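The values are calculated or read from the model by the stated rules, or taken from the named source; none is laboratory data. Because the structure is predicted, anything quoted here is derived from the model rather than measured. Reconstructed Cβ throughout: ideal geometry from the backbone, glycine too, with neighbour counts over all protein chains shown. With ligands, DNA and RNA removed, areas are computed over all heavy atoms of the protein, side chains included. Shrake-Rupley method; radii C 1.70, N 1.55, O 1.52, S 1.80 Å.
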Number of protein chains: 2
Amino acid sequence: MRVAFLGLGIMGQPMAANLAKAGHDVIAWNRTPGKTVDGARVVSTPAEAAADAEVVWMCVSDTAAVNDVLWGENGAGAVLKPGVVVVDSSTISPSAERHNAERIRQAGADYIDAPMTGSKIGARDAQLVFMVGGEAASIDKVRPLFDAMGKTVHHVGGIGLGQAAKLAQNLQNAVIFESFAEGLALATKLGVPPEKLVEIVKSTMTRSGVVEYKASFVLNRDFSPNFPLKLMYKDIKLMLEAARENRIKLPALETVAEIYEVAIEEGHEDLDYAATLTILEKWAGILVKGNAAS
Amino acid sequence: MRVAFLGLGIMGQPMAANLAKAGHDVIAWNRTPGKTVDGARVVSTPAEAAADAEVVWMCVSDTAAVNDVLWGENGAGAVLKPGVVVVDSSTISPSAERHNAERIRQAGADYIDAPMTGSKIGARDAQLVFMVGGEAASIDKVRPLFDAMGKTVHHVGGIGLGQAAKLAQNLQNAVIFESFAEGLALATKLGVPPEKLVEIVKSTMTRSGVVEYKASFVLNRDFSPNFPLKLMYKDIKLMLEAARENRIKLPALETVAEIYEVAIEEGHEDLDYAATLTILEKWAGILVKGNAAS
């Protein structure tokens, strides 16, 4: 298929490369110039990328960036032909997606929201999990593209529900990591070796994908970004906005958000979100460090 | 071995039965009379049970109950012979265990703290996981008893560190469940079917032992107690006490504790701790219910 891929960040670049590798005709664009994608042509505006596309796939940083890519100067929204499907894999607010879909549909095109999870490794290995909102017919049309980038597509419901599911899922990652960080802080302060706590966690119902993935990085104090703290905080703000819009109360998430704010004040925004542990460590006067760590 | 088993509650009764089944000579006692254990004799005071025992195994509700069983009228502490090992599988404060060990060692006996996890099903099926603090020699002495009741023994360190690990582990269960409850509340309010969120969670890094175990109960609104809310709250108070004693800050746990307090005010203390979800539901004006639930 002829695909315009808009946004070549930490996730977008490997995703676009996997589309090209699968034989699709990819024209890519990125806000900051200079990015390249194996097998794809890179152009200088979203409109140029989208002009001839059957599918426009967006993967940018936030609601404002999606607005800009679609409706800003040289935006893709102005050049869409009837029958085109626009897919948004950014994580943005569910209500913004409903608004985008309405405008896109006026042009005779269709829109689906398809945020994903799986980290940069999942993007590289085409193992992403997509959470999708929109019409089944449009999802089926772009299924070969999903298949080239991911392993699972969850059709959650109508427009915006992909984002809703993504927020509800990522909320859990943020709070589960915090549970691990607080457990580690308490254990360490009381004299339990942190690697022993990890071993116990893995042998009990307390096990989780988050700990499996993060524990060795934490014990080695490697806070290089896999999912940067500032992006998790961006998602947390979306969750809290959605909660407020809908008059619901998420107390643990509110508390976790405050820890992220302190971590950002401390200058950790470009580290992995696991660096929120260091805030607990400051409060406890400890350092959680595995024996293997030098 | 000749074992005095003190405390025949939801966990203690199947544990004592597994000891008897493995051929050990079990004399049991319970505060509330009338409990029986297949293959064991039940007597009417801790001292009577412990009089001839090689090992005294406690599994009672809290720090006060352990004090009473050991040091109260007809307590086991007064009849211990040199060489006896006292094991505490209750979940109580790490500092109380250090105090108990000191007194027990003055009698020439030894003491280990060995709280466990694995739920009543794990107790029945001898699949418990023990977190143990104390001397290796004493742990080795009672290893046949551990083997008869559990599948894994983690020797964490000195006296009290079994309790410390248990608190740090169960902290995570409480907060992980809260992450699931908040994710479900947000998803449900935004229109995501709760069973769809569970499916997504299970297919991503968000997966956890807690969700694997609790999701179907939650979707069926079955809040019958597997681990009663009041017992999780008791453990949460121990965690917060240990945190305060040691001058550390556990913000998400503090927030979760407040939700348990509201749940207890609402009369849910004898339900499973999963019933904390109903507090979020009240705040959101929703009901999280799977399609399969009638």
What part of the accessible area of segment A:164-284, given as a whole %, is carbon or sulfur when the probe is 1.4 angstrom? 51
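Chains B and A: how much accessible area gets covered up at their contact, both sides added, probe 1.4 Å, in Å² to the nearest hundred? Mind showing how you got there, number by number?
Details: alone 13590 and 13620 Å², together 21950 Å².
Buried area (both sides, nearest 100 Å²): 5300 Å².
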In whole Å, largest first, the alpha carbons of segment A:140-294 cover along the principal axes 55, 34, 29
Taking N as the number of residues in the protein assembly as shown, what is its alpha-carbon radius of gyration divided by 2.2 N^0.38 Å? 1.10
Work out from phi, with θ = phi - 60° and the Karplus expression 6.51 cos²θ - 1.76 cosθ + 1.60, the ³J(HN,Hα) of each residue of segment B:15-30, listed in order in whole Hz, and give x for Gly and Pro. 5, 4, 5, 5, 5, 4, 4, 7, x, 7, 8, 9, 10, 10, 9, 9
Using a label point 7 angstrom from Cα along Cα-to-C-beta, what distances in nm, from shortest up, separate B:Asp270 from the other copies? 5.9
Taking alpha-carbon centroids only, segment B:187-214 lies from segment A:163-205 a number of Å equal to 18
Per-residue mean of other chain beta-carbon atoms within 10 angstrom of the beta-carbon, peptide A:239-252? 6
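What average number of partner chain Cβ atoms lie no more than 10 Å from the Cβ of the residues making up B:153-165?
What the average comes to for B:153-165 is 4.
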In terms of the alpha carbon gyration tensor, root eigenvalues a ≥ b ≥ c, rounded if a/c is under 1.5 and otherwise prolate when a/b exceeds b/c or oblate, segment A:113-192 is oblate
What number, in nm² with one decimal, is the all-direction average of the projected area of the convex hull of the alpha-carbon atoms of chain A? 16.1
Cα pair distances of segment A:2-158 binned at 5 Å [whole percent]: 2, 11, 21, 26, 24, 13, 3, 0
Which one, B:Lys214, B:Lys282, B:Lys81, has the greatest fluctuation when you compute a Gaussian network model over chain B with C-alpha springs under 10 angstrom? B:Lys282
Inter-site label distance for B:Glu265 and A:Trp71 at 7 Å from Cα along Cβ, in nm: 4.3
Alpha-carbon Debye profile of segment B:65-114, log10 I(q)/I(0) at 0.13, 0.17, 0.21, 0.24 Å⁻¹: -0.25, -0.43, -0.67, -0.88
Cα-derived Rg over Rh, computed across segment B:144-187 with Rh taken as Kirkwood radius: 1.21
So how many Lys-Lys pairs in segment B:164-284 land under 29 Å Cα to Cα, not counting same-chain pairs under 8 apart? 27
Taking each label point as 7 Å beyond Cα in the direction of the beta carbon, state the distances from B:Ile121 to the same residue in the other copies, shortest first, in nm. 2.9
Between the alpha-carbon centers of segment B:22-67 and segment B:250-280, tell me the distance in whole angstrom. 32
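From the gyration tensor of the Cα coordinates in segment A:183-236, what semi-axes in whole Å does the equivalent ellipsoid have, largest first, with each one equal to sqrt(5λ)? Working shown, then result.
Numbers: eigenvalues 101, 36, 24 Å².
Those come to 22, 13, 11 Å.
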Under the rule a/c < 1.5 gives rounded, and otherwise a/b versus b/c splits prolate from oblate, where does segment A:224-286 land using the Cα gyration tensor? oblate
Indicate the gyration tensor shape class of segment A:36-79 (rounded, prolate or oblate), computed on the Cα atoms with a ≥ b ≥ c the square roots of the eigenvalues: a/c under 1.5 is rounded; otherwise a/b larger than b/c is prolate and the rest oblate. oblate
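Sort B:Lys35, A:Lys166, A:Lys21 by heavy-atom solvent-accessible area, probe 1.4 angstrom, most to least. Don't skip to the answer; put the middle values down first.
Working: B:Lys35 80, A:Lys166 20, A:Lys21 170 Å².
Largest accessible area first, the residues go A:Lys21, B:Lys35, A:Lys166.
Please compute, for peptide A:193-200, the average count of beta-carbon atoms on other protein chains lying within 10 Å of each residue's beta-carbon. Before the final figure, lay out each step's value.
Values: counts 4, 1, 0, 8, 8, 0, 4, 12.
The mean count of partner-chain Cβ atoms within 10 Å per residue comes to 5.
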When we measure straight from the Cα of A:Lys21, which lysines land under 20 angstrom away, once same-chain ones fewer than 8 places off are left out? A:Lys35, A:Lys120, A:Lys141, A:Lys151
Rounded to the nearest 20 debye, what is the charge dipole size of the protein assembly as shown about its Cα centre when +1 sits on each Lys and Arg Cβ and -1 on each Asp and Glu Cβ? 720
